[in-house]
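Trainee: I'd like to ask some things about the structure below.
The values are calculated or read from the model by the stated rules, or taken from the named source; none is laboratory data. For clarity, every value in this text was computed on a predicted model and none was experimentally measured. Cβ placement follows ideal geometry from the backbone for every residue including glycine, while neighbour counts extend to all protein chains displayed. Areas reflect the complete protein model, heavy atoms only, side chains present, ligands, DNA and RNA absent. Shrake-Rupley method; radii C 1.70, N 1.55, O 1.52, S 1.80 Å.
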Amino acid sequence: MYRSIIYESKWSQGHKNRFKLFLKKISLVNFRNYSQISIDFDKKINIFIGNNAQGKTNILESIYVLSITKSHRCSKDSFLIKQGELFTKITGE
């Protein structure tokens, strides 16, 4: 079983419906400090370890942007593009 993001919505009759999104892989191009990276996620748990300012939160932010289509850290999409580049691309499987 892959780690899941659960989206809950309430129907007008009060029923709950749950949708699960399983992210197997994410690929980033020109996203924040990453020129290009692909990450295959483990089925059970994933841990990001690294020094400060190495991009751990950027990976989490890319998952959020892929899911919600906006950043939780900035208001302008242009801030997501790696400095000196013209575009960014996030893809998930």
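Trainee: Please sort by residue number the chymotrypsin sites (Phe, Trp or Tyr not before Pro) in segment 15-93 whose DSSP state is loop and whose Cβ has at most 16 other Cβ atoms within 10 Å. Show your work: numbers first, answer last.
Mentor: Working: sites: Phe19, Phe22, Phe31, Tyr34, Phe41, Phe48, Tyr64, Phe79, Phe87; in loops: Phe41, Phe48, Phe87.
Counting only loop positions with at most 16 other Cβ atoms within 10 Å, the chymotrypsin sites (Phe, Trp or Tyr not before Pro) in segment 15-93 are Phe48, Phe87.
Trainee: If you don't mind, another one. Quote to one decimal, in nm, the extra length available between Tyr64 and Lys89 on full extension: 0.36 nm per residue of separation minus the C-alpha distance between them.
Mentor: Numbers: separation 25, 0.36 × 25 = 9.00 nm, distance 1.36 nm.
Extra length from Tyr64 to Lys89 when fully extended: 7.6 nm.
Trainee: Order the following by accessible area, largest value first: Leu66, Leu23, Leu28, Leu86. Probe radius 1.4 Å; ligands, DNA and RNA are ignored.
Mentor: Details: Leu66 65, Leu23 30, Leu28 0, Leu86 160 Å².
Reading off the accessible areas and sorting them downward yields Leu86, Leu66, Leu23, Leu28.
Trainee: Specify which residue in the list Ser75, Asn52, Ile37 is farthest towards the positive end of the charge dipole of segment 15-77, using unit charges on the beta carbon of Lys, Arg (+1) and Asp, Glu (-1), about the Cα centre.
Mentor: It is Ser75, whose Cα lies furthest towards the positive end.
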